[in-house]
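Down below is the structure, laid out as structure tokens.
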Amino acid sequence: MPGKPSYHVPVEAKTIGKRLAEIRKSRGFTQVEVGGQLGMTQALVSDYERGKLRVHGGLIVGFAKALRVSSDQILGLKDTNGHSIFKDRRFLKRLQKIDKLSRRDRQILLATIDKFLQGLP
């Protein structure tokens, strides 16, 4: 029986936090202002920006509204100008379909993709 498949998270909490800080600064907001809109302290906003705490889905939406950007921009799926980082829109549509799969099916598919990519130079 094979062991538990490992899953590599494509976006780390530190990366999302760094992007949050960059977007906040480019929009001219302070941590206090963003925290006030989200009902949290400046220290908590700082912890999220430094990647000390992982940002859950609902909070990503909250940050997006507070910073007046899309969740895709916070996640890095679109650059800060709102352009998709994927040149082929079909790729993004496939990712959206994969996201709708059951957790088990998604893990199996990702393990297959990982094996395929390991064979590339």
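The values are calculated or read from the model by the stated rules, or taken from the named source; none is laboratory data. Everything quoted here is computed from the prediction, not taken from an experiment. Note: ideal-geometry Cβ built from the backbone for every residue, glycine included; neighbour counts use all protein chains shown.
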So which of ALA13, ALA43 is surrounded by fewer than 16 Cβ atoms within 10 Å (Cβ to Cβ) and modelled with pLDDT under 85? ALA13
Does the stretch 104-116 contain at least one residue that is at pLDDT 95 or above and β-branched (Val, Ile, Thr)? no
Among the residues of the stretch 82-98, is any at pLDDT 90 or above and outside the structural domain of VAL34 (by TED's automatic domain parsing)? no
Residue that is nearest to the chain's Cα centre (by Cα) [pool: residues in the stretch 92-113 that are of a type in the set (D, E, K, R) and part of a helix (DSSP H, G or I)]: ASP99
Among the residues of the stretch 25-72, what is the count of those that are assigned to a helix (DSSP H, G or I) and not polar (S, T, N, Q)? 26
